[in-house]
Amino acid sequence: MATLLLVRHGRTTANASGVLAGRTPGVRLDALGSEQAARAGSRIGAVPLAALVTSPQERCKQTAKAIADAQRDGGRAATRAVTEKALAECDYGEWQGRPIKELVREPLWQTVQRQPSAAIFPGGESMVAMQHRAVAAVRRLDAAVTREHGPDAVWVAVSHGDIIKSVLADALGMHLDLFQRIGVDPASVSIVRYAPDRPYVLASNTHDGDLSWLAPKPGKRRPRATARTTSTTAATTTGAVIGGGAGPGRPDH
C-alpha cells in the first residue's frame, strides 16, 4: 500500500475573519496561511511524491503549489498538482459565506456538533454524502498510486478541515457522529496507510517534525502487500505489531 499525506490548506482570509467560506470563489490564503503552506511544503519536501492531488478550491491549489515548489527546491522533477472534485469543500449551501457567530445560533449547528450524520445543509449536501465521496476518492486514488508506483510510494491530498476529519474518522473506524473529536488545523499533515486488512493512521494534525522516514530507502523496496501483510512503520510486519514495534526504519519486535 502507498502512504497518503492529508494536508489541510493554510489559513485563509475567511478563517481569520470568522466566515464559513465553503465553495465561495476567490477565498485565498492570508499572509500567515502562505507561511503555513510553505512550512508544510518544506516538511514534505524531504519525501519524493508519486502524486499530488488537490481540491478545486483556490486555497487548496495555493497550498498544493507550495508543496510542489518544495519538491522542485529539493532537486526533484516537477510535481504537477491534479485537481480532484471529490475532495472539494463540503457544500454548505445557504450557510456558505455567513459569519460563524450567526451560524452558532442556528438549530442545525447543534446537530452538526452532536449528530453530524443527521446534518443536511439547506441548499447543500449532507455530511454523510460529504464523507462518502471523500473516502471513496482517497481510497480509489491510493489504490491507483499503489498500482502504478508500488507500495513504497507517497502521495499528497490537499483538502479541507471537515473533509480530512471525515476521512480520518473512517480510517479510525469511528462513526461520523464522533468525527468532531478530531482536530485538523490549517496546513497540518496527517498520515494514513490503506492496507488490505485495515487502514492505519500513522499521524494526525501534525505541524512540525521530520517526515524523511517516509521516503523509500534506496535499493530496499517492501514486498507488495498481501491479505495479511501491512506496514505500520517503514518496516514490514504481519498485521499490527503487538506492543507497538520499534518505530520507523528499525526492525519490529
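The values are calculated or read from the model by the stated rules, or taken from the named source; none is laboratory data. Note that the coordinates shown come from a computational prediction; the quantities given were computed from them, not determined experimentally. Here Cβ is always computed from backbone atoms with ideal geometry, including for glycine, and neighbour counts include all displayed protein chains. Surface areas here come from the heavy atoms of the whole protein model, side chains and all, with no ligands, DNA or RNA. Shrake-Rupley method; radii C 1.70, N 1.55, O 1.52, S 1.80 Å.
Only one entry in Leu141, Leu108, Leu103 is on the phi < 0 side of the Ramachandran plot, open to solvent by less than 50 Å² (accessible area, probe 1.4 Å) and in contact with a helix residue (DSSP H, G or I) (Cβ under 7 Å, 6 or more places away or on another chain), namely Leu103. Listed by first and then second residue, the pairs with beta-carbon distance under 9 Å, at least 6 apart or on different chains, first residue in segment 132-144 and over 19 Å from Val7 (Cβ atoms) and at pLDDT 95 or above, second outside any helix (DSSP H, G or I) and aliphatic (A, V, I, L, M), are Ala143/Met1; Ala143/Ala2. Would you be able to say whether some residue in segment 59-73 is open to solvent by less than 10 Å² (accessible area, probe 1.4 Å) and under 16 Å from Gly22 (Cα atoms)? Yes: one or more hits. Of Ser166, Ser159, all but one fail to be out of contact with any Phe, Trp or Tyr (no Cβ under 8 Å at 6 or more places or on another chain) and modelled with pLDDT of 95 or more; the exception is Ser159. When Gly173, Gly209, Gly150, Gly183 are screened for being of a type in the set (Gly, Ala, Ser), surrounded by fewer than 21 Cβ atoms within 10 Å (Cβ to Cβ), under 14 Å from the mean Cα position of the chain (by Cα) and farther than 23 Å from Lys85 by Cβ, only Gly183 passes. For segment 15-49, residues that are within 19 Å of the chain's Cα centre (by Cα), open to solvent by 50 Å² or more (accessible area, probe 1.4 Å) and of a type in the set (S, T, N, Q) total 3.
Cβ-Cβ contacts under 6 Å between residues 6 or more apart (or on different chains), taken from a first residue in segment 77-100 that is on the phi > 0 side of the Ramachandran plot to a second residue that is open to solvent by less than 60 Å² (accessible area, probe 1.4 Å) and among the β-branched types (Val, Ile, Thr), are listed as Gly97/Thr24. Every test in (1) under 15 Å from Trp155 (Cα atoms); (2) of a type in the set (Gly, Ala, Ser); (3) in contact (Cβ under 8 Å) with a residue 40 or more places away in the chain is passed by Gly41 save one, and that test is (3). Restricting the search to segment 114-129, which residues are in a helix (DSSP H, G or I) and in contact with a helix residue (DSSP H, G or I) (Cβ under 6 Å, 6 or more places away or on another chain)? Correct list: Pro116, Ser117, Ala118, Met127, Val128.
Can you confirm whether Val184 is in contact (Cβ under 8 Å) with a residue 12 or more places away in the chain and outside any strand (DSSP E or B)? Here the answer is yes, as Val184 does meet what is asked.
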